[in-house]
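The values are calculated or read from the model by the stated rules, or taken from the named source; none is laboratory data. A quick note: this is a predicted structure, and the numbers were derived from the prediction, not measured. Cβ placement follows ideal geometry from the backbone for every residue including glycine, while neighbour counts extend to all protein chains displayed. Note: accessible area is taken over every heavy atom of the protein model, side chains too, but ligands, DNA and RNA are not part of it. Shrake-Rupley method; radii C 1.70, N 1.55, O 1.52, S 1.80 Å.
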Amino acid sequence: MAWRGLATEFLQVPAVTRTYTAACVLTTAAVLELLSPFQLYFNPHLVFRKFQVWRLVTNFLFFGPLGFSFFFNMLFVFRYCRMLEEGSFRGRTADFVFMFLFGGVLMTLLGLLGSLFFLGQALTAMLVYVWSRRSPRVRVNFFGLLTFQAPFLPWALMGFSMLLGNSILVDLLGIAVGHIYYFLEDVFPNQPGGKRLLLTPGFLKLLLDTPEEDPNYLPLPEEQPQPPQQ
């Protein structure tokens, strides 16, 4: 019964958050039994010379072996991905997916310069950064230790990651990409002479968004609701 209730609760989570979180958990479970991290990490030579193109995706799904660091990252992925999807991206699934694609492509290109092999933590930092900049007045309680305004959260996470012994380069990459997205999407269009440069492709909207009803549409007589019979 508990598992059934948990499954029901999970199915109520928005689609993108549900899909990405499940993919991360399943990838980690597969590493325990079936796969090796060496089959997942980003390697340009293997991607472009050996055509192991799955590495372009799997490097965003593996957060290391089961342990405190994994559960810490999953907590923030699930929480802030969901808050974005239910908040500023509500009803805009295609735009949310496009943000993932934009961030993933840019991180991959910049990751080449720093020889970064797994970029899931950078994607988490990007999600947290975008949420924090769109929620500047929200006060965040950081594990009951500190309370501060939301825009400080990405930097607190980076400091905590450093305490865990992780490289801050990955967090800095995620913050940088998050800032680029935030500037292009939220800041530049509102400047004099500015405009939106990040336009979600139409095929994504067609696939993922619910079509808007035409306010000028007049239903056929047989489609109109009939008065109740007396």
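Quick check on packing: order 128-136, 23-31 by the mean number of other C-beta atoms within 10 Å, highest mean leading.
Ranked from most to least packed, the peptides come out as 128-136, 23-31.
Leu75 to Phe183: FRET efficiency via 1/(1 + (r/R0)^6), r the Cβ-Cβ distance, R0 30 Å, to the nearest 0.05? Could you put the intermediate results ahead of the total?
Values: r = 27 Å, r/R0 = 0.91.
Efficiency, from the Cβ-Cβ distance: 0.65.
Want the number for Leu145 to Leu109: 0.36 nm per residue separation, take away the alpha-carbon distance, what's left?
Between Leu145 and Leu109, full extension yields 9.3 nm more.
Can you tell me how much longer the chain between Phe100 and Leu207 gets when fully stretched, taken as 0.36 nm per residue apart minus their C-alpha distance, in nm with one decimal?
Working: separation 107, 0.36 × 107 = 38.52 nm, distance 1.58 nm.
Extending this stretch completely gives an extra 36.9 nm.
Could you tell me how many cubic angstrom of Cα convex hull volume the chain has per residue?
Here the figure is 242 Å³ per residue.
Enumerate the amide H contacts of Leu119 below 5 Å, restricted to partners 5 or more residues apart or on another chain; note that Pro and chain-start residues carry no placed amide H.
Amide H to amide H, under 5 Å and 5 or more residues apart or across chains, Leu119 pairs with Phe60.
Need one word for region 106-150: rounded, prolate or oblate. Basis is the Cα gyration tensor (sqrt eigenvalues a ≥ b ≥ c); a/c below 1.5 gives rounded, then a/b vs b/c decides.
It comes out prolate by the Cα gyration axes.
With a 1.4 Å probe and all protein chains left in place, how much of the accessible area of region 38-135 comes from carbon and sulfur atoms, in whole percent? Before the final figure, lay out each step's value.
Working: 3140 of 4530 Å².
After summing per-atom areas, the C and S share lands at 69 percent.
Sort the following peptides by mean Cβ neighbour count (other Cβ atoms within 10 Å, averaged over residues), highest first: 91-100, 51-60.
91-100, 51-60
Set the Förster distance to 45 Å, then compute FRET efficiency between Leu26 and Val138 from the Cβ-Cβ distance, nearest 0.05.
0.90
Can you tell me the FRET efficiency between Gln39 and Phe160 if r is taken as the Cβ-Cβ distance and R0 is 25 Å, rounded to the nearest 0.05?
0.30
What ³J(HN,Hα) values, in whole Hz, does the Karplus curve 6.51 cos²θ - 1.76 cosθ + 1.60 give for region 25-38 when θ = phi - 60°, with x put for Gly and Pro?
5, 5, 5, 5, 4, 5, 5, 5, 10, 10, 10, 10, x, 5
Residue by residue through region 75-89, which ³J(HN,Hα) values in whole Hz follow from phi under the Karplus form 6.51 cos²θ - 1.76 cosθ + 1.60 (θ = phi - 60°), with glycine and proline marked x?
Values, residue by residue: 4, 6, 4, 5, 5, 7, 5, 5, 5, 5, 5, 8, x, 5, 9 Hz.
What list of ³J(HN,Hα) values in whole Hz, one per residue of region 58-65 in order, does the Karplus curve 6.51 cos²θ - 1.76 cosθ + 1.60 (θ = phi - 60°) give from phi, with Gly and Pro shown as x?
Ordered by residue, 3J(HN,Hα) equals 5, 5, 8, 10, 9, 10, x, x Hz.
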